[in-house]
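Below is one structure, written out as structure tokens; comments come after it.
The values are calculated or read from the model by the stated rules, or taken from the named source; none is laboratory data. Because the structure is a prediction, the values reported are computed rather than measured. Neighbour counts run over all protein chains shown; Cβ positions are idealised from the backbone, glycine included.
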Amino acid sequence: MKISKKYRFAASTAFLIALFSVLGLVAFHYVLKESISGWLLLYFVILFFISYIILQYRVEKFIYLRIKKIYKDVSVLYEKDFPQPSVTTDLEGLTKEVERYVNDKKTEIESLNIRENYRKEFMGNVSHELKTPLFTVQSYILTLLDGALDDKKVRKEYLKRASKGVERLAYIVNELDLIAKLEIGGLVLKKENFNIIELVQSIFDLLEMKAAKKNISLVFDKEYKEPIIVNADKERIEQVLTNLIVNSIKYGRKEGTTEVGFDNIGKNKILLRITDNGEGILQENLKRIFERFYRVDKSGSRKEGGSGLGLSIVKHIVEAHKEKIYVESQYGIGSEFSFTLEKGK
């Protein structure tokens, strides 16, 4: 049976007090040349227990008062979070508990700082994305109100430009609304079995002209003679694939290639790969590319358009399917985005 440190401390101290008291008495009797009686042993035992009780009470009260003050004074420890047992005199246990709590709070504070920085960056990005089309629409409307409304040619052209600005605003708001629904699980997926090969080919056909502007080839990694059936929300997966392929064209090099391939993973999973030989992504940016409004291009010009929400939506749609998305990239060589889907029947 292991004895607590505080009891061992009181016992050893009481023993020393009793021992030296008895030795003092022995010395006193020796000096007085009186005989040492057997009562000294009884005296020793009685003195030991009396000293032990006094020491235990005094030390425990001494420690208790200070630990109680610690509980009271450490204002950073919220009452609802800190353990609620009665105040203890177990210093070692209390020390471990406080250290654990402090470490947990330190981690929590670091996490809150990261979130706060992300919130500030996010708000700045939202402001930047919204104010450009807002100012555009505002400037055209003000110009029309200042007299250009009477010129039919100018009026028509300015209204067209203002309309494009409004469309841009609506697009960003819809994207944000979609992300919000995905994050809170408010988007209902309509899963069905469909041929993913046909879906990719239809996206290739749709983006053929866009790719042709940079002479980028949209191809499969090999010829697929048999259909590949998956079970997913066809409309949302089309959105994922379109976004990834558009990005590969946008950041691809001229005369380059965007390649789509499929791999079997186990008995019931398919891995879709979208590979390009474009600009590639720096390693420092890889871990953040799925954040809302995060852009690899930090320059004010932002030579490539887009809301900065596409990859965030891609990630949320894939995760809404309970699937995983991956990215590998080497700067100057190219990138590969891949995600899993459940096989259909």
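Just so you know, in region 228-248 the residues that are farther than 17 Å from residue 311 by Cβ and in contact with a helix residue (DSSP H, G or I) (Cβ under 6 Å, 6 or more places away or on another chain) include one that is surrounded by the fewest Cβ atoms within 10 Å (Cβ to Cβ), and it is 228. Among the residues of region 249-265, count how many are crowded, with 16+ Cβ neighbours inside 10 Å and either assigned to a strand (DSSP E or B) or of a type in the set (Val, Ile, Thr) (or both). Total meeting the criteria: 7. Is there a residue being among the small types (Gly, Ala, Ser), surrounded by 15 or more Cβ atoms within 10 Å (Cβ to Cβ), part of a loop (DSSP other than H, G, I, E, B) and at pLDDT below 90 anywhere in region 266-273? No, region 266-273 has no match at all.
Do we find a residue being part of a helix (DSSP H, G or I), modelled with pLDDT under 80, under 17 Å from residue 309 (Cα atoms) and of a type in the set (A, V, I, L, M) anywhere in region 148-167? Within region 148-167, not a single residue is part of a helix (DSSP H, G or I), modelled with pLDDT under 80, under 17 Å from residue 309 (Cα atoms) and of a type in the set (A, V, I, L, M).
Could you please let me know if residue 222 is basic (Lys, Arg) and either at positive phi or assigned by TED's automatic domain parsing to the domain that holds residue 277 (or both)?
Against the criterion (basic (Lys, Arg) and either at positive phi or assigned by TED's automatic domain parsing to the domain that holds residue 277 (or both)), residue 222 qualifies.
Residue count for region 168-200, restricted to those that are in contact with a Leu (Cβ under 8 Å, 6 or more places away or on another chain) and of a type in the set (Asp, Glu): 1. Of the residues making up region 166-212, those that are without any contact (Cβ under 8 Å) to a residue 24 or more places away in the chain and within 31 Å of the chain's Cα centre (by Cα) number 9.
If you scan region 213-231, which residues turn out to be more than 19 Å from residue 343 (Cβ to Cβ), within 38 Å of the chain's Cα centre (by Cα) and in a loop (DSSP other than H, G, I, E, B)? Step through it out loud before you land on a result.
Applying the first criterion (more than 19 Å from residue 343 (Cβ to Cβ)) to region 213-231 yields 213-219, 223.
Within this subset, residues satisfying the condition of being within 38 Å of the chain's Cα centre (by Cα) are 214, 216-219.
If the condition is that a residue be more than 19 Å from residue 343 (Cβ to Cβ), within 38 Å of the chain's Cα centre (by Cα) and in a loop (DSSP other than H, G, I, E, B), then 214, 216 are the ones that fit.
Would you tally the residues in region 305-334 being touching an Asp or Glu at 6+ places or on another chain (Cβ under 6 Å), closer than 14 Å to residue 275 by Cα and either surrounded by 21 or more Cβ atoms within 10 Å (Cβ to Cβ) or small (Gly, Ala, Ser) (or both)? If you could, list the steps in order and put the result at the bottom.
Residues of region 305-334 that are touching an Asp or Glu at 6+ places or on another chain (Cβ under 6 Å), as a first pass: 307, 309, 328, 334.
Then drop every residue that is not closer than 14 Å to residue 275 by Cα, which leaves 328, 334.
Going one step further and asking which of them are either surrounded by 21 or more Cβ atoms within 10 Å (Cβ to Cβ) or small (Gly, Ala, Ser) (or both), we end up with 334.
Final tally of qualifying residues: 1.
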